[in-house]
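The values are calculated or read from the model by the stated rules, or taken from the named source; none is laboratory data. Worth saying up front: this structure is predicted, and the values here are computed from it rather than measured. Positions of Cβ are backbone-derived with ideal geometry, glycine not excepted, and every protein chain shown enters the neighbour counts. Ligands, DNA and RNA are stripped out before the accessible areas are found, and what is left, the full protein with its side chains, is counted by its heavy atoms. Shrake-Rupley method; radii C 1.70, N 1.55, O 1.52, S 1.80 Å.
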Amino acid sequence: MFRALLTIFGILLVVAIAGAGGVLFIFHNYGRGLPEYRQLADYEPPVMTRVYGGDGRLLAEYATEKRIFVPIKATPKRVIQSFLVAEDKNFYIHPGVDVLSVIRAALTNVRNIGSSNRPVGASTITQQVAKNFLLTNEVSWKRKIKEAILAFRIERALSKDRILELYLNEIYLGFGSYGVAAAALNYFDKSMDELTIDEAAFLAALPKAPNNYHPVKKPKAAKARRDWVIGRLLVGGLITPAEAELAAARPLQVRQRSATEYIRADYFAEEVRRQLDNRYGEEKLYKGGLSVRTTLDPRLQAIADTVLREGLETYDRRHGWRGPVARLPEGTRLDVKIEWRRALAKIPPVKGVGSHLLAVVIGLRPDDALIGFGDGASGRIPLAEMKWARPWMENQKRGPKVTSPANVLVPGDVIVVDPVTANAKGVAYPAGSYGLRQLPDVDGSIVALDPHTGRILAMSGGYSYERSQFNRVTQAMRQPGSAFKPFVYLAALDHGYTPSTLILDAPFVIDQGPGLPKWRPANYTKKFYGPSTMRLGLEKSRNLMTVRLAQTIGMEAISEYAQRFGIVDFLPEKLAMALGSGETTLLRITTAYAMLVNGGKRITPTLIDRIQDRHGETIFRHDRRNCVSCRATIWTRQETPAIADTRKPVTKPGSAYQVVSMLKGVVERGTGRRIRAVGKPLAGKTGTTNADKDTWFIGFSPDLAVGVFVGFDTPKTLGRRETGSSVAAPLFRDFMAAALEKKKAIPFRIPPGIRLVRVNAATGELARAGDKKVIYEAFKPGTVPTGRTEVLEGESWTAERNVWQPATGTGGLY
């Protein structure tokens, strides 16, 4: 007997040693070359980046996996308990592998040998973390062994809570949901703490195979699996029998996630995305969970988008009809509704339609055109609503007048229309009347920013982002034309001139050298006006006066000013550059104008106020000034803290105000007279390039700088007499009228030392009794005119003993 027991003990010992040896061999053999598991200690799952407008509303989201990361401490107990009973009830007591579950699964798989059943697993949550983060989805014993080895190692390196946190935020639960928080939103339109017992149980039922428990495609299997989890909660004593019965009785209902409200600002959002990508890289942009607060003002953005679209359409209508956007196939029966509806539905989507409606012409009558829509509705376009549609001709000219709908449309034309209720005289139309519209081929842009901080409040980079993603605010390099002139005059003011300085407006010719034609700049009117004040030269945009002034002070100074204000990186020192021949962007020149109205202080334009990382730490802030006393939580009606102004000066405040005053004159008496209709203190300058290819208006109120550009993407003429005054200025006017509608009229701020003196507007001399055209002119100390002034005819200036004074010569000619 003793010998038999000894034999059995020996056999068991041999088996134990062999088993231990086998385990050691397996761990040694399969444990080599496994992924580094310690990286999980610092692992952060990919989380979407969210971009917000200035009012806190969502502007955009960027992610490869739309995941919402929730720390384990913030995860509701009900959710944790549901996943533990469903996936790993012994999670907090096993060392990474649940041996009893492994044995039970092994016995089940032995019984299933020869059947088509998939092998049963016994993976713990730790093993699933190892698989999801460090291994592949390969179904094999080798992977299971590696999974177990990694699970043991992970348990030694990480806490149980950290492992569970990784699991709950990483698992895929169907419906495009990565992590439990995203699944709660996508399945039930709830946050995790709002989930009921049955809803949490359903989510816990999904990790094994989300598609097998699809609540819509496989509702019976989904409910059965959910009820099984509810039963496990009951067995574990985590819910009462009454709660279990109520939860199981509830139907499994999926609620569509509420549509996220986004601010519509496509060009702005894309520019922010581009900057984030350049600053942090694609990995951090799409997976880093950044929280980005932008400078966007949704109200101003909506105004900019509307004004730009309407302004471009208004210009486009002045230059005729280019034809329909498409045509139905030949042979389509227009008298059979189902046939033309089917044909219209097959027309490729027309980009840029926006709020307009797509229609097909189904018939013509002497006084109107009959049209049909994709939903089967019909309407009419009165002849009066087609009168503008004269045929487009080359160079933006128009053909003969429209006398009949047949002059414009042909049955089968696919066109763009808008509902109309009355004609231009206010006479009502019958119901179902529409106006013919056209998508413009011209394009443009508007940008608005705070001149004191550089915060970009609105950016509309084109007629339609859907049609063209090219941002004409930041990417279009174009000649600003006369919009550059204020900086020529600013350089002169900083060098001792005054707004009353007389400059000769007369023919100007430069010999450019052997074999080259003479350069003869001219005024837009092709006329000469003799001696005129500097103010008048800017208000009326006189080219000859500007060139003479540039020649006198020297192009070196003007080039330096253009670079100092950020208009260009480098400006060739040639006289033609004084008339705006150097290319720039709308954002750069608008920022330069902003530095005039803010008193000559440097600002940096920005789309972003602040960026925080996934942990809430601020990693970027546009305003870098520190204010220790700026704490709203401890404010007890004490005095508002004073924050230092760290902006560096780019010009003298007095000179900046003198330019602002002259630009105010542009609006009151000059090329920007259309702007006066706004009825608020405004200033600005038109810009038009040769052959009327590019048009601009850049201007400001005391607290808002706005730039407008209109032109074709491939430069060509906008048409005869289409200038900054007729094309761009109306957009500036309409934007400012809406933006300042409920704002009080604020005068431009006058810096210390400036004197406002009554002068004769024509001569610049002190006003006398009987003078008819008298204005208030801004002068710096010691520069008020005391008598007759000399006329600047083309002298240069030199500096002796650091004092600028006139000198003869060709200064600035290159």
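Odds and ends about this structure:
- In plain terms, the chain from R768 to E668 could stretch by 33.8 nm, reckoned as 0.36 nm per residue minus the Cα-Cα distance.
- Label-to-label distance, E639 versus R621, with points set 7 angstrom from Cα along the beta-carbon direction: 2.3 nm.
- Evaluating 6.51 cos²θ - 1.76 cosθ + 1.60 at θ = phi - 60° for every residue in segment 389-400, the Karplus couplings come out as 7, 5, x, 6, 10, 3, 6, 6, 8, 10, x, x Hz, glycine and proline recorded as x.
- Listed residues Y429, Y497, Y92 arranged by accessible area, highest first, probe 1.4 Å: Y92, Y429, Y497
- Projected label distance in nm at Q275 and A249, using a 7 Å step from Cα toward the beta-carbon: 5.7
- A simple spin-label model places pseudo-atoms 7 Å from Cα toward Cβ; at K217 and F570 they are separated by 6.1 nm.
- Förster-model FRET efficiency, 41 Å R0, L516 and V784, C-beta, rounded to 0.05: 0.40
- By accessible area with a 1.4 Å probe, ligands and nucleic acids excluded, highest first: order of K540, K346: K346, K540
- Between the alpha-carbon centres of segment 439-466 and segment 226-290 there is a gap of 34 Å.
- A probe of 1.4 angstrom, applied to the heavy atoms of all protein chains, finds S482 with accessible area near 10 square angstrom.
- Placing a label point 7 Å from the Cα of I746 along the Cα-to-Cβ direction, the residues of segment 448-465 whose backbone N falls under 17 Å of that point are 448-458.
- Positive-end residue of L490, W519, L457, charge dipole of segment 446-542 with Cβ unit charges: W519
- Under a model in which nothing but the beta-carbon of Lys, Arg (+1) and Asp, Glu (-1) is charged, segment 142-277 shows a dipole of about 940 debye around its Cα centre.
- Theoretical FRET efficiency, 1/(1+(r/R0)^6), r = Cβ-Cβ of R264 and E793, R0 45 Å, to 0.05: 0.25
- For segment 679-686, 3J(HN,Hα) per residue [Karplus equation, 6.51 cos²θ - 1.76 cosθ + 1.60, θ = phi - 60°, Hz, x = Gly/Pro]: x, 10, x, 9, 8, x, 9, 7
- Using a cut-off of 27 Å between Cα atoms, the listed pairs K351/K743; K574/K773; K77/K208; K601/K780; K66/K217; K526/K685 include K351/K743; K574/K773 as exceeding that distance.
- Overall form of the chain per C-alpha gyration tensor (a/c, 1.5; a/b vs b/c): prolate
- Database remark: amide H of D609 closer than 5 angstrom to the amide H of R293, T294, T295 (H placed geometrically; neighbours at sequence offset of 5 or more, or on other chains; Pro and chain starts carry no H).
- At a probe radius of 1.4 angstrom, the accessible area of the chain per residue rounds to 50 square angstrom.
- Amide hydrogen proximity for L718: with H placed 1.01 Å from N in the peptide plane, the residues at 5 or more positions away or on another chain lying under 5 Å are K693.
- Alpha carbon centroid spacing (whole Å) that separates segment 595-611 from segment 314-388: 47
- A Förster radius of 51 Å combined with the Cβ-Cβ distance from R156 to M477 puts the calculated FRET efficiency at roughly 0.30.
- Rounded to the nearest 10 Å², the accessible area of F470 at probe 1.4 Å: 80
- Helix 298-317 axis, angle to the chain major axis (alpha carbon atoms, nearest 10°): 60
- Most positive-pole-ward Cα, S532, G672, L252, against dipole of the chain from beta carbon charges: L252
- DSSP-defined antiparallel bridges as percent of all bridges, the chain, nearest 5: 90
- Residues whose amide H comes within less than 5 Å of that of D443, counting only those at least five positions distant or on another chain, are G711, F712, D713 (H built at 1.01 Å from N in the peptide plane).
- 3J(HN,Hα) along segment 462-477, derived from phi through the Karplus expression 6.51 cos²θ - 1.76 cosθ + 1.60 where θ = phi - 60°, amounts to x, 4, 8, 5, 4, 7, 8, 8, 5, 8, 7, 7, 10, 10, 7, 8 Hz, with x in place of Gly and Pro.
- Size of electric dipole in segment 535-599: Cβ of Lys, Arg +1 and of Asp, Glu -1, about Cα centre, debye, nearest 20: 300
- Rounded to the nearest 20 debye, the dipole magnitude of the chain is 620 debye, with +1 charges on Lys and Arg beta carbons, -1 on Asp and Glu beta carbons, and the Cα centre as origin.
- Positive-pole candidate from Q396, L439, N598, dipole of the chain, charges at beta carbon: L439
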